[in-house]
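Trainee: The structure's right below; bear with me while I get my questions together.
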Amino acid sequence: MQGQPADPVAGAGRTRRPGGHPVRLRDDRQPAARVSATTVHGPAVTLAGEFRLVAVRIARDLALLARWMNDPAVAAFWELSGPDTVTEAHLRAQLDGPGHSVPCLGVLDGTPMSYWEIYRADLDPLARHYPARPLDAGVHLLLGETADRGRGLGRILLRTVADLVLDGRPACTRVVAEPDLRNTPSVAAFLGAGFRYAAEVDLPAKRAALMVRDRSLRNVL
């Protein structure tokens, strides 16, 4: 259930072609331009357990994230397979950039299990492809482990993270995403998480479904 930057070259250090994967629940769970990771931190209690976002630290997280990026199911959409330096460059472009995008680990009941990018969609190349509003937030997601795909975990966490973003940024009126139209499990997960299907958009690397979670509808959808 990922989105992807509208421009594969000019994005804020993010992926060229994030897509989405089916996800499943674990059967046994042992207004500034700069985005602040602390505003979407959590913790939040979900049906799947206690969830929080933790800002990525390269020294701590690179090996894990590079392993996830080399999973063929992930690499098909994120296109960051290869040596660790490929993933490191992707992360550093965000961490050392203007701060429009924050890479985070999703930690569920103490276990890192997902990768997120929370970004300013109105300051992203994506804004050239849809009627962006000031302070629009965007979200990308991948679930790292095969066992976490296919049973609705993405839907639960997408709703949780969207609500954390809206709670942490009172001036933000909506959260957007742009999964590949071919990625029907991803689109379904966003719909199940309270996003609405707003439009189809032609991006440089794909035709995407523009998904929107509106603050005004968060208690309805």
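Trainee: Would you check if there is a residue in region 167-179 being aliphatic (A, V, I, L, M), open to solvent by 30 Å² or more (accessible area, probe 1.4 Å) and part of a loop (DSSP other than H, G, I, E, B)?
Mentor: Restricting attention to region 167-179, the residues satisfying the condition of being aliphatic (A, V, I, L, M) are 171, 175-177.
Next cut, open to solvent by 30 Å² or more (accessible area, probe 1.4 Å) only: 171.
Checking the rest, the ones that are also part of a loop (DSSP other than H, G, I, E, B) come to 171.
Within region 167-179 (the criterion being aliphatic (A, V, I, L, M), open to solvent by 30 Å² or more (accessible area, probe 1.4 Å) and part of a loop (DSSP other than H, G, I, E, B)), the answer is yes, since at least one residue qualifies.
Trainee: So which pairs qualify, if the first residue must be in region 155-166 and under 13 Å from Pro43 (Cβ atoms), the second must be modelled with pLDDT under 95 and open to solvent by 20 Å² or more (accessible area, probe 1.4 Å), the Cβ gap must be under 7 Å, and the two must be at least 6 apart or on different chains?
Mentor: Hits for this filter: Asp163/Arg218; Leu164/Gly42.
Trainee: Could I ask something else about it? Checking the structure you have, find out if any residue of region 3-17 is touching a Lys or Arg at 6+ places or on another chain (Cβ under 8 Å), closer than 29 Å to Arg174 by Cβ, modelled with pLDDT under 50 and of a type in the set (S, T, N, Q).
Mentor: Checked against the condition, which is being touching a Lys or Arg at 6+ places or on another chain (Cβ under 8 Å), closer than 29 Å to Arg174 by Cβ, modelled with pLDDT under 50 and of a type in the set (S, T, N, Q), region 3-17 yields at least one hit.
Trainee: While we're looking at this one, here's another question. Applying the selection to region 58-79, what residues are in a loop (DSSP other than H, G, I, E, B) and modelled with pLDDT of 95 or more? Please lay out each step first, then the result.
Mentor: Pass one, region 58-79, residues in a loop (DSSP other than H, G, I, E, B): 70-71, 79.
Asn70, Asp71, listed by residue number.
Trainee: For region 97-139, enumerate the residues that are more than 24 Å from Val201 (Cα to Cα) and acidic (Asp, Glu).
Mentor: Listed by number, the list holds a single entry, Asp109.
Trainee: Got a number for residues in region 180-221 being among the acidic types (Asp, Glu), in contact with a Ser or Thr (Cβ under 9 Å, 6 or more places away or on another chain) and open to solvent by 30 Å² or more (accessible area, probe 1.4 Å)?
Mentor: Taking region 180-221 as the starting set, the residues that turn out to be among the acidic types (Asp, Glu) are 180, 200, 202, 214.
Now drop any that are not in contact with a Ser or Thr (Cβ under 9 Å, 6 or more places away or on another chain), which leaves 180, 214.
In the following step, the residues that additionally are open to solvent by 30 Å² or more (accessible area, probe 1.4 Å) were identified as none.
Qualifying residue count for the region: 0.
Trainee: Only one of (1) over 15 Å from the mean Cα position of the chain (by Cα); (2) in a helix (DSSP H, G or I) is not met by Pro131, so which one is it?
Mentor: Evaluating Pro131 over (1) over 15 Å from the mean Cα position of the chain (by Cα); (2) in a helix (DSSP H, G or I) leaves (2) as the failure.
The values are calculated or read from the model by the stated rules, or taken from the named source; none is laboratory data. Nothing here was measured: the structure is a model prediction, and the numbers come from that model. As a convention, Cβ positions derive from the backbone with ideal geometry for all residues, glycine included, and neighbour counts pool all protein chains shown. Areas reflect the complete protein model, heavy atoms only, side chains present, ligands, DNA and RNA absent. Shrake-Rupley method; radii C 1.70, N 1.55, O 1.52, S 1.80 Å.
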